[in-house]
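S.K.: Sharing a structure, written as structure tokens. Questions coming.
Each value in this text was obtained by applying a stated rule to the coordinates, not by laboratory testing. Worth saying up front: this structure is predicted, and the values here are computed from it rather than measured. Glycine also receives a Cβ, built like all others from the backbone with ideal geometry; neighbour counts cover every protein chain displayed.
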Amino acid sequence: MIRRLLLAIGLTVASTAPAFAHLNPEEHGSFMAGFSHPLFGMDHILVMVAVGLWAAQIGGRALWAVPAAFVTMMAIGFGLAVAGVSLPFVEPVILASVVALGLLVAMAVRLDPAISAAIVAVFALFHGHAHGGELGAAGALPFAVGFVIATALLHVVGIALGLGIGRIAGGATLTRILGGATALAGVALAFG
């Protein structure tokens, strides 16, 4: 089972490419352009799944509070960008989020769910702002609905992965290894 899981993760990560992160809304519709955006960018996939993994590690209220905080603040960040409000260092913060969330999972940091939610919310603001900045010709509302749904689904994947791995012997260690791999991938993205 672990081999299949790691193979699926590896294939997902290997299939991501920046060139495919943005569907043309005129050809595919604004909703599909928004929905596909988080699914085809490695930084997006790594962060969204890491949020779910971390929520699963913490457990309890964090299972819903941490992903909900991310999705909510991401939508706010999108709204700020669409309204023309700029944020500094958007791309560096997004890359830092990959490393930071990977390290939180790797170190199995268990904070109060409210504090954990606040941490992911800060990063989500920048992720959402980047989505708003990349809106292009897409309609804002359908694009936003699309990326919010895709993001929530990636969080669910991370939670399911974390809970599933947690049920097997050595699962806590495997989850930490995935967190470390996420952090390393973030470093590679930042300097690659």
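S.K.: How tilted is helix 113-133 with respect to the longest principal axis of the chain? Cα atoms for both, answer in degrees (0 to 90, nearest 10).
M.R.: 30 degrees
S.K.: Counting each DSSP H run of 4 or more residues in the chain as -39500 (n - 2.57), what helix-only mean residue ellipticity at 222 nm follows after dividing by all residues, to the nearest 500 deg cm²/dmol?
M.R.: On the way: 9 runs with 148 residues, N = 192.
Taken over the chain, the calculation gives -25500 deg cm²/dmol.
S.K.: So what J values fall out for the range 135-144 if you push phi through Karplus, 6.51 cos²θ - 1.76 cosθ + 1.60 with θ = phi - 60°, rounded to Hz, Gly and Pro as x?
M.R.: Result, ordered by residue: 4, x, 8, 6, x, 4, 5, x, 4, 4 Hz.
S.K.: Can you compute 3J(HN,Hα) from phi for each residue in the range 77-88, using the Karplus curve 6.51 cos²θ - 1.76 cosθ + 1.60 with θ = phi - 60°, rounded to whole Hz and x for Gly and Pro?
M.R.: Running phi through 6.51 cos²θ - 1.76 cosθ + 1.60 with θ = phi - 60° gives x, 4, x, 4, 5, 5, 7, x, 7, 8, 10, x Hz.
S.K.: With just the Cα atoms defining each centre, how far is the range 118-172 from the range 56-98? Give it in Å.
M.R.: 8 Å
S.K.: At 7 Å along the Cα-to-beta-carbon direction for both ARG176 and ILE149, put a label point, then send me their distance in nm to one decimal.
M.R.: 3.9 nm
S.K.: Which residue fluctuates the most in the chain, going by a Gaussian network model with Cα springs under 10 Å, if the choices are LEU101, LEU125, LEU163?
M.R.: Fluctuation is largest for LEU163.
S.K.: Of ARG61, ARG176, ARG167, which is the most mobile in a GNM of the chain whose springs link Cα atoms less than 10 angstrom apart?
M.R.: In the Gaussian network model the winner is ARG167.
S.K.: Calculate one ³J(HN,Hα) per residue across the range 58-63 by plugging θ = phi - 60° into the Karplus curve 6.51 cos²θ - 1.76 cosθ + 1.60, and present them in order as whole Hz with x for glycine and proline.
M.R.: Karplus-based 3J(HN,Hα) across the range 58-63 equals 6, x, x, 4, 4, 4 Hz.
S.K.: Pull out the extension gain between LEU141 and ILE168, defined as 0.36 nm times the separation in residues minus the alpha carbon to alpha carbon distance; nm, one decimal. Don't jump to the answer; show the numbers that get you there.
M.R.: Values: separation 27, 0.36 × 27 = 9.72 nm, distance 4.12 nm.
This chain segment gains 5.6 nm when fully extended.
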